[in-house]
Amino acid sequence: MPDDNILEPMEIVEDDLPIMGMIFAQFSLKKGIREFGEKAEQGAMKEMKQMHDMDAFIPRHFKSLTKEERMRALSTLIFLKQKSSGDIKGRTCVNGAPQREYIRKEDAASTTAATDSLFITGAIDAHERRHVACCDLPGAFLHCETDEHVIVVLRGELAELMVQVDPSIYPKYVSTDKKGKPILYMQLYKSVYGLMRSALLFYRKLRGELESYGFTVNPYDPCVANMMVPRSSTASAADDPSAKDPASEDLVQLTVLWHVDDLKISCANDVEITMLLLYLKNIYGDKISMNRGKVHEYLGMTLDFSEPGVFNVTMIPYIGTIITEFPEAITKSAPSPYTDNLFKVRDEADAKFLPEEQAVAFHRTVAQLLFLCYRARKDIQTAVSFLTTRVRRPDEDDWGKVKRVLRYLYGTRSLPLRLTVDDLTVAKWNIDASHAVHWDCKGQTGAGMTLGKGAVSSFSWKQKINTKSSTESEIVGVDDAMPSVLWSLYFIQAQGYDMTHALIQQDNKSAILMEVNGKMSSSKRTKHIRIKYFLVTDRVAQALTQGDIVIEHKPTGEMWIDMNTKPKQGTPFRTDRSLMMNCPLNVADETLGPICN
């Protein structure tokens, strides 16, 4: 059988996904210039000029620095990215990895909005017919003064670019290294991307500004904040304290969700959005980019509110990028993202492992798919969940399985995730598990939440422990999902909605009895998992007084999350997909259309 160490899942967590998505969509300075030519040089020059104009640093002559300062100087990099408008955006960052030697993680950790928070608030925005605006705060970190002594070094083309920004200042500070390449030392006065504490310093600044405006941060997601404002008024709630009184009549909610310097703002009163944007503009300058209307590009996703009451999410350009960057041409479609043998693994003696270059391409593609499947394309989560366990040493079978996912995406690349809200008093969760489906006889958990139609939250995970029966696998599945179930309930309640409980629907009556009755339904055979179901039992008991959780039986045929526990095919797959994605049962094959990049 395969080696346990080889098949250990890669260490990628949900918090890392935005970073991976950003990295995979960007180019280095050299590659960007080769790819985009003069546009790339203009984008890089614009970024460096912004650093200069905002007094982010001062040049230092190398002779004025100690040997230790020169040795500890952090390398400066610039990355280029093509925006949907076709313009090239530059982003300067430093390699802050050496700071890990003297800065503790807890002193630098910042936070970003949870992906589920974006989908929940987006679905509510559509349900309440809110106006939505997205904005990007320019040079966000440069508005924060650094609280440490940091020397950085610009090398080669980057140093030459800085000289072009202001030839009257920088040339006299330029020296050369042993290879004759120009180098330029700078002392930072502002925070920049890459410094370990930059994100935390900016988060504290932005949060303080929003709280000063009148917002209250959601305790279950510190990157979501709300305040009550008049439904329609001539005076802004920010100017009239009485207008912010929760006891006042006819108030609506103004919500801000942010990921570093990218904000999504929503409110039924469009004037209040305008007032908040003006407030931010006064702080961050006239170059703040704003988008109003029904369609927004946000964090690599297209958020579409054009259809009344429906929140549509797509990632068509990103899917096109994944397909075109894959080493082999994808020219055919597939009816599902997997075959029946998804979970099957060959013995090492029979496996043909991929050469290093191909294995790296496999790893990269799986990471891209992982970013995608927790956002717009939840219908590929089961396949990607398995593929993440194979990145350590993939074989030819795994290569075929990742190609199958790409072929499926090729034929359905414009399929949207459509979310609607019917009821904000109950969060409905489907939780299911398949028993012993993996080579090591571990099970697969699938869980998903809906507020109406479409999965606002969903996941597919390989279980971490072995179980003796399908009933035990179901209990482990509920335990796997419990943090997400409780968090979603508490988050929505903290958003100000009267959600009474989370409803967990399962198709295994024996598992439900054990979860509800605890010891009364247990036996000697089930004592080894008592910790798992006692947690569930405790929460069910609390539901009587606190209203946390209720568990009910649902027939297997109605469990749409079943597609996240096994590789279903044909009509069963299409039926579950139609409920998860809120799409038609039969989706048109797009293989005759072009890939959008």
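For T111, all conditions in the list (1) under 21 Å from Q50 (Cα atoms); (2) surrounded by fewer than 17 Cβ atoms within 10 Å (Cβ to Cβ); (3) among the polar types (S, T, N, Q) hold save one; what is the number of the exception?
Of the numbered conditions (1) under 21 Å from Q50 (Cα atoms); (2) surrounded by fewer than 17 Cβ atoms within 10 Å (Cβ to Cβ); (3) among the polar types (S, T, N, Q), the odd one out for T111 is (1).
Could you grab me the full set of residues in segment 181-212 that are small (G, A, S) and either closer than 19 Å to K281 by Cα or at pLDDT 90 or above (or both)? Before you say what the answer is, go through the steps one by one.
Filtering segment 181-212 down to residues small (G, A, S) leaves 191, 194, 198-199, 208, 212.
Once the filter is applied, which keeps residues that are small (G, A, S) and either closer than 19 Å to K281 by Cα or at pLDDT 90 or above (or both), segment 181-212 yields G208, S212.
Does any residue in segment 420-432 that is farther than 13 Å from I492 by Cα come within less than 8 Å, Cβ to Cβ, of a residue that is among the aromatic types (F, W, Y) six or more places away or on a different chain, and which pairs are these?
T420/F311; N430/W560
Applying the selection to segment 168-178, what residues are in contact with a Leu (Cβ under 7 Å, 6 or more places away or on another chain), open to solvent by 20 Å² or more (accessible area, probe 1.4 Å) and hydroxyl-bearing (S, T, Y)? Before you say what the answer is, go through the steps one by one.
Just the residues of segment 168-178 that are in contact with a Leu (Cβ under 7 Å, 6 or more places away or on another chain), to begin with: 170, 173-174.
Filter once more, so that each one left must be open to solvent by 20 Å² or more (accessible area, probe 1.4 Å): 173-174.
If the condition is that a residue be in contact with a Leu (Cβ under 7 Å, 6 or more places away or on another chain), open to solvent by 20 Å² or more (accessible area, probe 1.4 Å) and hydroxyl-bearing (S, T, Y), then Y173 is the only one that fits.
Kindly indicate whether E128 is closer than 30 Å to N269 by Cβ, open to solvent by 50 Å² or more (accessible area, probe 1.4 Å) and out of contact with any Ser or Thr (no Cβ under 8 Å at 6 or more places or on another chain).
Values: closer than 30 Å to N269 by Cβ: yes; open to solvent by 50 Å² or more (accessible area, probe 1.4 Å): yes; out of contact with any Ser or Thr (no Cβ under 8 Å at 6 or more places or on another chain): yes.
Considered against the rule, which asks whether it is closer than 30 Å to N269 by Cβ, open to solvent by 50 Å² or more (accessible area, probe 1.4 Å) and out of contact with any Ser or Thr (no Cβ under 8 Å at 6 or more places or on another chain), E128 comes out as yes.
So, in segment 132-156, exactly how many residues are buried (at least 16 other Cβ atoms within 10 Å of the Cβ) and over 30 Å from N269 (Cβ atoms)? Spell out how you get there, then give the answer.
The first filter runs over segment 132-156 and keeps only residues buried (at least 16 other Cβ atoms within 10 Å of the Cβ), leaving 132-144, 146, 150-155.
Right, trim to over 30 Å from N269 (Cβ atoms) and you get 141-142, 144, 146, 150-155.
Within segment 132-156, residues that are buried (at least 16 other Cβ atoms within 10 Å of the Cβ) and over 30 Å from N269 (Cβ atoms) number 10.
Where the second residue is of a type in the set (D, E) and the first is part of a helix (DSSP H, G or I) and lies in segment 393-409, which pairs have Cβ atoms under 7 Å and are six or more apart or on separate chains?
From segment 393-409, the pairs are K403/E328.
So, in segment 179-196, of the ones that are touching an Asp or Glu at 6+ places or on another chain (Cβ under 7 Å) and within 19 Å of M54 (Cα to Cα), which residue ends up most open to solvent (accessible area, probe 1.4 Å)? Lay out the reasoning, then the answer.
Narrowing segment 179-196 to residues touching an Asp or Glu at 6+ places or on another chain (Cβ under 7 Å): 182-183, 189-190.
Those still in the list that are within 19 Å of M54 (Cα to Cα) too: 189-190.
Details: Y189: 104, K190: 39 Å².
The residue in question is Y189.
Can you tell me how many residues in segment 451-496 are under 23 Å from L424 (Cβ atoms), of a type in the set (K, R) and either modelled with pLDDT under 95 or not in a strand (DSSP E or B) (or both)?
Number of matching residues: 0.
Can you pull out every residue in segment 1-58 that is outside any helix (DSSP H, G or I), surrounded by 14 or more Cβ atoms within 10 Å (Cβ to Cβ), at pLDDT 70 or above and touching a strand residue (DSSP E or B) at 6+ places or on another chain (Cβ under 6 Å)?
F27, A56, F57
List the pairs whose first member sits in segment 289-313 and is within 21 Å of L276 (Cβ to Cβ), whose second member is among the charged types (D, E, K, R) and open to solvent by 20 Å² or more (accessible area, probe 1.4 Å), and whose Cβ atoms are under 7 Å apart, counting only residues at least 6 apart or on separate chains?
Hits for this filter: S289/D136; K294/D304; V295/D304; Y298/D262; L299/D262; F305/K294.
Only residues that are open to solvent by 20 Å² or more (accessible area, probe 1.4 Å) and touching a Ser or Thr at 6+ places or on another chain (Cβ under 6 Å): list them for segment 572-589, please.
L585, V587, D589
Return the total of residues in segment 501-518 being touching a Leu at 6+ places or on another chain (Cβ under 9 Å) and surrounded by fewer than 20 Cβ atoms within 10 Å (Cβ to Cβ). Show your work before the answer.
So the first thing to find is which residues in segment 501-518 are touching a Leu at 6+ places or on another chain (Cβ under 9 Å), and the list is 501-502.
Now drop any that are not surrounded by fewer than 20 Cβ atoms within 10 Å (Cβ to Cβ), which leaves 501.
Result for segment 501-518: 1.
Can you name the condition, by its number, that F119 falls short on among (1) open to solvent by 60 Å² or more (accessible area, probe 1.4 Å); (2) under 30 Å from P317 (Cα atoms); (3) at pLDDT 90 or above?
The single condition F119 does not satisfy is (1).
Could you check, for segment 267-287, whether at least one of its residues is open to solvent by 60 Å² or more (accessible area, probe 1.4 Å), of a type in the set (D, E) and in a strand (DSSP E or B)?
no
The values are calculated or read from the model by the stated rules, or taken from the named source; none is laboratory data. Note that the structure is a prediction, hence the values are computed from the model and not measured. FYI the Cβ positions are ideal-geometry reconstructions off the backbone, even for glycines, and counts take in every protein chain you see. Calculation scope for accessible area: heavy atoms of the full protein, side chains included, ligands and nucleic acids excluded. Shrake-Rupley method; radii C 1.70, N 1.55, O 1.52, S 1.80 Å.
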